């Protein structure tokens, strides 16, 4: 062992343990601090309904962050996830609209439209993966190109407008809850108890949005893939050192292709959820910056843009910090543009911590 390695090892061992714990979990601690601060400054912030709203409204960003997590760990980046989300939403809603106008049952319109949208959303990821893995196009350029292509396609199909007149069951499912409680009277799963009048709707206590169940399944599968499977091990190996991964016998080209297809599929799931949530087919607007906020959430959660580091749970914490900031500033009466300043500062802090403690994550 060289003298430099010995010195580095000695410095690592002499570092205070509490400082390591703080650096490794700083995002979780910061999220708790935000919750405490906004519970005092924002009226009704720390309520069941508001906390559920934060997660519900963060669902799209959580799915996009899950997509980015795999790509960033592999050493790449996917700038197209926001536009793939809109591309999927427009295609799925257009199919639903056509079928619903043909007076087909909602039980057919909705699943067929969603299936078509999810099938088509794989195409951008397949193209980006081929460009990156086979032709060695830098991920930034390949996915930026798909950003433009998917934007153009969705605007062509939608004409720059939302796609309306979709099956009404969409909103009922997308914004529904697992449990509806009518205090002192009754409760019911998945729909309000019978006998509730329109003026009594506000009395209902709603617990666990359907989006929670959707997120639990999708993010649970993503966590399992990354932590407990060979797919996850290979993703970390490629991000850590592509040359070492090749020498270890990993088919890097094929794996990178799968990573970008998976990223596109998760972005497509975000698009499908957006249709269920809004009851409309929304194209992704130029200034939405979904992909940038998703990337920010992943980096805040402990991933490194150099690859080889990151966790699904960390990405969830990073996105929730952004969601809590947005709703917390709103309920506190602070002008919303401060959200961008706050996210920028937190992102810089995350990168600095990553450089100061590169071996913790």
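Read-outs throughout are calculated quantities, based only on the coordinates presented, and are distinct from any laboratory measurement. This is a predicted model, so every value here is computed, not measured. Neighbour counts run over all protein chains shown; Cβ positions are idealised from the backbone, glycine included.
Here the translational diffusion coefficient of region 39-155 follows from Stokes-Einstein with Rh set to the Kirkwood radius across Cα pairs; for 25 °C and 0.890 mPa s it amounts to 150 µm²/s. Among 23-32, 154-163, sorting by the average number of other beta carbon atoms lying within 10 angstrom of each residue, highest first, gives 23-32, 154-163. Result for the chain in a Gaussian network model with C-alpha springs under 10 Å: among 58, 93, 39, the largest mean-square fluctuation is at 39.
Once the Cα atoms are used to define both axes, helix 81-101 deviates from the longest principal axis of the chain by about 20 degrees.
The slack between residue 231 and residue 313, meaning 0.36 nm per residue of separation minus the straight C-alpha distance, is 27.8 nm. Compute the separation of the alpha-carbon centres of region 81-150 and region 186-250 and state it in Å as a whole number. If we compute the Cα centre of each part, the gap is 20 Å.
Among 354, 78, the order by Cβ neighbours within 10 angstrom, fewest to most, reads 354, 78. For the chain, the Cα-based Rg and Dmax, in that order, read 22.1, 78 Å. Comparing 204, 225, 256 in a Gaussian network model of the chain where C-alpha atoms under 10 Å apart are linked, the largest mean-square fluctuation is found at 204.
Across region 169-212, the residues whose backbone nitrogen lies under 17 Å from the label position 7 Å along the beta-carbon direction of residue 162 are 169-176.
Ranked by how many other Cβ atoms sit within 10 Å of their own Cβ, fewest first, the residues 71, 319, 246, 36 fall in the order 36, 246, 319, 71. For region 145-219, the equivalent ellipsoid derived from the alpha-carbon gyration tensor has semi-axes of 37, 17, 8 Å in decreasing order. Distance from the C-alpha centroid of region 318-361 to that of region 255-270: 26 Å, rounded to the whole angstrom.
Cα gyration tensor of region 239-318, axes a ≥ b ≥ c as square roots of the eigenvalues: rounded (a/c below 1.5), prolate (a/b > b/c) or oblate? Prolate. Length gained on full extension, residue 169 to residue 217: 15.1 nm, using 0.36 nm per residue less the C-alpha separation. For the chain, modelled as a GNM whose springs connect Cα atoms under 10 angstrom apart, the maximal fluctuation among 92, 350, 244 occurs at 244. Between helix 26-41 and the chain there is an angle of about 40 degrees, using the helix long axis and the longest principal axis of the Cα atoms.
Could you work out how far helix 290-300 tilts from the main Cα principal axis of the chain, as a 0 to 90 degree angle to the nearest 10? The two axes meet at around 50 degrees.
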